1. State yes or no: is E337 modelled with pLDDT of 95 or more and within 21 Å of A21 (Cβ to Cβ)?
2. Please note which helices (runs of 4 or more DSSP H) are completely contained in segment 1-70 and include at least 3 residues that are charged (D, E, K, R).
3. Would you call D395 over 26 Å from the mean Cα position of the chain (by Cα) and either surrounded by 24 or more Cβ atoms within 10 Å (Cβ to Cβ) or at positive phi (or both)?
4. Any idea how many residues of segment 1-57 are at pLDDT 95 or above and of a type in the set (D, E)?
5. Within segment 118-136, does at least one residue satisfy the condition of being modelled with pLDDT of 95 or more and closer than 27 Å to S174 by Cα?
6. Would you mind stating whether I101 is part of a strand (DSSP E or B), in contact with a Phe, Trp or Tyr (Cβ under 9 Å, 6 or more places away or on another chain), not assigned by TED's automatic domain parsing to the domain that holds V197 and not basic (K, R)?
7. Search segment 130-151 for residues being crowded, with 19+ Cβ neighbours inside 10 Å and touching a Lys or Arg at 6+ places or on another chain (Cβ under 7 Å), and hand back the single one that is farthest from V319 (Cα to Cα).
8. State the number of residues belonging to segment 238-294 that are within 28 Å of the chain's Cα centre (by Cα), among the hydrophobic types (A, V, I, L, M, F, W, C) and part of a loop (DSSP other than H, G, I, E, B).
Amino acid sequence: MTDQTYDLIIIGGGPGGYVAAIRASQLGFKTVVVEERATLGGVCLNEGCIPSKALLDSSEQFALARDKFATHGILIDPPRLDLSRMLARKDDVVKKNTDGIAFLFKKNKVDLVTGTGRLGGKSGELQQVAVATSAGERLLSGKRVLLATGSTAVELPFLPFDGERVVSAREALSFARVPQHLVVIGAGYIGLELGSVWRRLGAQVTVVETLARPLPSMDGQAADALVRALKKQGMKFLMETKATGGRREGEGMVLTVDGPAGSSELACDRVLVAVGRKPLLEGLGLEEAGVRLDDCARIAVDADYRTSAENIYAIGDLVAGPMLAHKAMEEGTVVAERLAGQASVVEYEYLPGVCYTWPEAASVGRTEEQLKEAGVEYGAGRFSFLANGRARCMDETDGFVKVLADKSSGRILGIHIVGPRASDLIAEAVTAMTYGGTAEDMAMTFHAHPTLSEALKEAALDVMDRAIHS
């Protein structure tokens, strides 16, 4: 059957798709979203950002009760873990978030079709999307189509996912028991975060990484500080080491790894493969529609997010750039506003990245290594949380803030934070850089005392050799 004509058909109800839908509807476009899941929110809300942060917070509470309450004069019996209750709380957090998106769809009059969508060719001037639903195929017609299907975990060819012993992040969020030994292949955001969860809950965790340090896009000093903190928590790192094979043995796995000392075997009961993600392009009918891919096998788009096919657009993990939910959300907003004739842009140079371990790590702008490679003259200021009054009160003194600023103009070029609540503190850095702020601007701005944010002010002062408390 053929449905009514829409102004915009969106395939994918994740962060990019649902935000684009809501904004487009606000701007007067008749909009429909095609989503294959029973719930909205995509990987982020269902099996990524939200459930992982729920477990990170729960496991951090458990670790605090076990390891730190006594230092605050709070004496309790050793805490016991009820993993099923912890996982149930995580699922409840997810449900409340996905229900919230469904409510926003109703509020903004966004239509939803549950099923798997693919480009179905043109009918006159209209684009068509064929949707395979539980009740059969539906054919949607619209003036424009936006592709926002997101991404999926990359599988190692010699170590395929089995959902039990060799898993992606999806399964690592729902282990029925705490692993005795979890091996994480890949020292990126996902691997370190989920490794942290299970380490806090009692697992031995070993991280295997082919590069010399984790989080290669992060400032080197920040990455080193994060690794030191995670090692203190008991995580083990095998850097410059590559997993080359694996086999089932008894109830567990034996991995073959090649490192600086040669080849060796690593026994464990669970393996989390977190080596990256790839765009979900299969089954969309791109080739038939004339949608071209770039050299990195992502959809090529212009500044308006138009693909090579007329009236077909793409955003989020399908296009170039970091695979981050907040990037997709911003692109969803901008593509809808551009369709309405507004001159909105995504300022990619101010896109923050966050690793939600504890301590957290967050950054925006260029790293010190990038500035050196580009020959940019810069000043650097640092301030340790060890000298921050609020951090001392919290007993959370690991890490520092680093501010990098242009030598002549003072304009901030990058800010890197390792420490408590870095994920929240980075917002001030993004705001300052977005509006062309200088280190002096940040240094001269009031920061309430005592707060963690004072570390930003002190680091900015240090750029000018004017730090007070270091």
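The values are calculated or read from the model by the stated rules, or taken from the named source; none is laboratory data. As the structure is a prediction and not an experimental result, all values here were calculated from the model. Note that we place each Cβ from the backbone using ideal geometry, even for glycine, and neighbour counts take in every protein chain shown.
1. Values: modelled with pLDDT of 95 or more: yes; within 21 Å of A21 (Cβ to Cβ): yes.
In short, yes.
2. Working: elements: 15-26, 42-47, 49-67.
Once the helices (runs of 4 or more DSSP H) in segment 1-70 are filtered for at least 3 residues that are charged (D, E, K, R), what remains is 49-67.
3. On the way: over 26 Å from the mean Cα position of the chain (by Cα): yes; either surrounded by 24 or more Cβ atoms within 10 Å (Cβ to Cβ) or at positive phi (or both): yes.
Answer is yes for this residue.
4. 4
5. Within segment 118-136, none of the residues are modelled with pLDDT of 95 or more and closer than 27 Å to S174 by Cα.
6. Numbers: part of a strand (DSSP E or B): no; in contact with a Phe, Trp or Tyr (Cβ under 9 Å, 6 or more places away or on another chain): yes; not assigned by TED's automatic domain parsing to the domain that holds V197: yes; not basic (K, R): yes.
So I101 fails the test.
7. Among them, the one singled out is V131.
8. 7
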